[in-house]
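The values are calculated or read from the model by the stated rules, or taken from the named source; none is laboratory data. Just so it is clear, the model here is predicted, and its values are computed rather than measured. Cβ coordinates were reconstructed from backbone atoms using ideal geometry, including for glycine residues, and neighbour counts include every protein chain displayed.
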Amino acid sequence: MPNDDSSSGKPARPGPSRRRFLQTGALGAGGLMTGFGRGFGTPSPSGQRPNFLILVCDQLGLDAISGHGCADVRTPNIDRLVRRGTTFLESHSTNPVCSPARSSLFTGRMPVETGVISNNRPIHPSVPNMGHWLGRAGYESVYCGKWHLPGGYPTEIEGFTVLPSGGGQGDLVDSTVARNCEAYLKNRTGAEPFLLVASLLQPHDICYWAIQHEALVPENLPFEQLADSLPPLPPNHKARPSAPERLDRMIYENFSDEQWRYYLYIYYRQVEMLDGDVGRILDAVDDSGRARDTVIVLTADHGDGRGRHQHVQKWYPYEESVKVPMIVSCPGRIAENAADASHLVSGLDLMSTVCDYAGVAPPPDARGRSLRPLCEQQPTEWREFVASEHHVVGRMLRTPQYKYVRYRDDPVEQLFDMQADPWETKNLYDAPRFAGVVADHRKLLDAWEASLAPVAPTPEVGIPPRKRPAGAKKRPS
Amino acid sequence: MPTSTIPAGDEFTLDIVAPHLEGFEPPVEPWDPQADGRLTYGIYTLAMRGARLGTLGMSRRSLGDGTVSLTVDYDKAVPGNHRQKMAAEIVCRTDAISTPLRWQFTSKTVAPGGKTIAGTRWTKSGRVVDGGLEMTDARSTRRVALPEAHTVNWALFDAVMRLPRRPFDPIHFALVDHFDQVKPAHRLSYRKTVDVVFPSPASPKTETGPASKAPRARPLRLHGYDQLGHGMVPWVWWVDDRGRLLFAVSGLEAYLYERAEG
């Protein structure tokens, strides 16, 4: 069973396959949860290659939208995409940090293979990005919004035509990104298909509610009217599974319960801000007459702690940080109103999926799998696990039932039974009855690590430390 | 009513903008929020140390039939010395939330030389018809349902200046954000009245020593309003005793008064 090959028919990478964790058919045990409507998998009405709209969100957790069951938020536009397409409920970031995760989205390779092991690094010059790759195949590749590989909002990105944006955080930028994408979609007259990346920043603004908490999250609730309507604390807010020391150090202790709940209130309003800008772009696709010719993908680089395990931000392998939306839609081609809860998917898969629909072979070393057979509900073998990188020295491996985490510089490993304990409250790695499971996962991870082809980390580009004002904190990623 | 004057840095939302208001001199000129005029604000991001990013001009002109024309001139810096520009006209009622009747805007990104970046210019108009919002541009007409009580975010810059400067029953409405996204369940309410003083400026040094006369900070009575609702981080609007809108703060986004004309 291949684990990480593309759908191009090339030989599978050497990879662990001693145990078969997953079903081998798209409609296997546990398959698709919800029904689906009209026919799909049909060619575009025009018979041409489809356009692509890639909506990249920043810090959007998989379960932070109403269409995925969150009662604390209202996201009618993202929900519209959920209804129109296939949403993957086991979707994982390759590295829950902005730049590394984005490097995978746009190349199909793990961050150690792109050279982007931390923020503000360029993709290694030997690795083509999606703009390059589709551009060579005749696509017009256009980018609008946050890039961060490096530079937040560069005016030039190799492989893409850039619609300049930026200036402020998500609250001031995203409406511009959405409006420029709307203008692009409606002004466009070219005959060639397009790849448009709309990279929206919300709800990343929430970072500052932790960093500047004294001003933004005062001790007393700043809006008394909200006292009875703040979201509840998550059930694992106080959970303290044994963890590598670096994860324990990230426990955030500046908030009272009420402050945590206000933090959540703000986060969900920022998700709603994102939703409005997503809606503006989706409306533009519809109004431009290209809805049935455009494959739309919405995903994110990573999630946010949201008080789970008393965390803010991202960086760690818990679900709130590493699970991200992956919603794929194209009316007539892709199953609608379908929620896939059984297939483990990854940010790696975006590149291969786009290439598959474009009729282009993916880059030779792309590791992702095309989601197309799953989107079209065709039988296919699927991978046994997904992996994620953490803090350069750590890796997470997720199999259908378990999550296993290991750091090279810490003896504490983590094993969670994700079916019995989805909130990750009990670390089972040293429980005798799970010794076999731990051993299996260690071997899987060893083999995965052996299959990687790291490149030298690319140079970090940013503010030279000597120029950073005294006392100023590094900006969040 | 406030009982004492406090540093602006002690008041929620003013605390985070206070560093950008060193030397701020409260306007003393008369101001009639029912009359024609123009106010200019600096556009700020408040992340980390914050920065001024551009200018927002809001003009009001009576049309003589119980409606007014509001014009919005938005000009914000974009990396690479580009600029994001948006110009709009909104015709609205003079009611509590400046209910819009119709509007038109043009948005574009311009390069350092002033040339519009290809593909970014877009013009769209909207009007309220039969309980719905009809939006039209060169490619399409789109209709969406709209509650009777509604306004656009930019019209609130006008509306808050005519709100009572005392407690009142909250006003409920739907927000049409950036002219096309309808966000429900908004509520505008009185927050508080507070007397504040902004930080005095540090004396600027000259080649011959400290400047002799730096502007003095003066106490200012402010009336605050809260806006809560879906699809946005809460806003706090601050007007002076004449109703003039001085500061609008929403999380990391702020508009700070700079000058008035007319």
**Request:** Determine, yes or no, whether B:Ser98 is modelled with pLDDT of 95 or more and buried (at least 17 other Cβ atoms within 10 Å of the Cβ).
**Result:** yes
Does A:Ala215 qualify as being aliphatic (A, V, I, L, M), more than 13 Å from A:Ile281 (Cβ to Cβ) and at the interface with chain B (Cβ under 10 Å from one of its Cβ atoms)?
yes
How many residues of segment A:135-156 are under 21 Å from the mean Cα position of the chain (by Cα) and away from chain B (no Cβ under 14 Å)? The answer is 1
Quiz item: Taking the condition surrounded by fewer than 17 Cβ atoms within 10 Å (Cβ to Cβ) and either at pLDDT 95 or above or within 18 Å of the chain's Cα centre (by Cα) (or both), does B:Asp137 pass?
Solution: no
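Yes/no per residue for (1) within 14 Å of chain A (Cβ to nearest Cβ); (2) among the aliphatic types (A, V, I, L, M):
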| position | (1), (2) |
| --- | --- |
| B:Thr5 | no, no |
| B:Val17 | yes, yes |
| B:His20 | yes, no |
| B:Pro26 | no, no |
| B:Gly37 | no, no |
| B:Leu46 | yes, yes |
| B:Gly50 | yes, no |
| B:Arg60 | no, no |
From the option list A:Ile157, A:Ile206, single residue qualifying as out of contact with any strand residue (DSSP E or B) (no Cβ under 6 Å at 6 or more places or on another chain) and either of a type in the set (Val, Ile, Thr) or surrounded by 20 or more Cβ atoms within 10 Å (Cβ to Cβ) (or both) is A:Ile206
Within segment A:242-272, of all residues that are among the hydroxyl-bearing types (Ser, Thr, Tyr) and either touching a residue at least 40 places away in the same chain (Cβ under 8 Å) or assigned to a helix (DSSP H, G or I) (or both), the one nearest to A:Gly69 (Cα to Cα) is A:Tyr268
Exception for B:Leu245 within (1) among the aliphatic types (A, V, I, L, M); (2) within 11 Å of another protein chain (Cβ to nearest Cβ); (3) within 15 Å of B:Arg165 (Cβ to Cβ) falls at (2)
Restricted to segment A:267-316 and to residues being touching a helix residue (DSSP H, G or I) at 6+ places or on another chain (Cβ under 7 Å) and among the aromatic types (Phe, Trp, Tyr), the residue farthest from the other protein chains (Cβ to nearest Cβ) is A:Tyr316
Residue pairs within 7 Å by beta carbon, gap of at least six or interchain, first lying in segment B:123-144 and on the phi > 0 side of the Ramachandran plot and within 13 Å of chain A (Cβ to nearest Cβ), second part of a strand (DSSP E or B) and of a type in the set (A, V, I, L, M), listed first then second, are none
- Message: Please determine whether any residue of segment B:158-169 is part of a strand (DSSP E or B) and without any contact (Cβ under 8 Å) to a residue 60 or more places away in the chain.
- Response: no
In segment A:157-184, anything more than 8 Å from chain B (Cβ to nearest Cβ) and not in a helix (DSSP H, G or I) is listed as A:Ile157, A:Glu158, A:Gly159, A:Phe160, A:Thr161, A:Val162
Across (1) over 27 Å from A:Asn119 (Cα atoms); (2) free of Cβ contacts under 8 Å to residues at least 60 places away in the same chain, A:Pro235 clears everything bar (2)
Inside segment A:130-148, the number of residues satisfying the requirement of being out of contact with any strand residue (DSSP E or B) (no Cβ under 8 Å at 6 or more places or on another chain) and part of a loop (DSSP other than H, G, I, E, B) is 3
When A:Ala239 is run through (1) of a type outside the set (Phe, Trp, Tyr); (2) farther than 30 Å from A:Leu53 by Cα; (3) at pLDDT 95 or above; (4) not in a loop (DSSP other than H, G, I, E, B), the failure sits at (4)
Exactly one of A:Pro363, A:Pro325, A:Pro317 is surrounded by fewer than 24 Cβ atoms within 10 Å (Cβ to Cβ) and either basic (Lys, Arg) or out of contact with any Cys (no Cβ under 6 Å at 6 or more places or on another chain) (or both), and that one is A:Pro363
Handout entry: Test: residue in segment A:416-426 that is under 14 Å from A:Ser242 (Cα atoms) and either surrounded by 23 or more Cβ atoms within 10 Å (Cβ to Cβ) or under 18 Å from the mean Cα position of the chain (by Cα) (or both)
Key = yes
Within segment B:62-79, the residues that are of a type outside the set (Ser, Thr, Tyr), surrounded by 17 or more Cβ atoms within 10 Å (Cβ to Cβ) and out of contact with any Gly (no Cβ under 7 Å at 6 or more places or on another chain) are B:Val68, B:Leu70, B:Val72
Any chance B:Ser200 is away from chain A (no Cβ under 13 Å), out of contact with any Gly (no Cβ under 9 Å at 6 or more places or on another chain) and either farther than 28 Å from A:Phe223 by Cβ or at pLDDT below 95 (or both): no
Note: among A:Val116, A:Val73, just one is in a loop (DSSP other than H, G, I, E, B), of a type in the set (A, V, I, L, M), within 14 Å of chain B (Cβ to nearest Cβ) and within 20 Å of the chain's Cα centre (by Cα), namely A:Val73
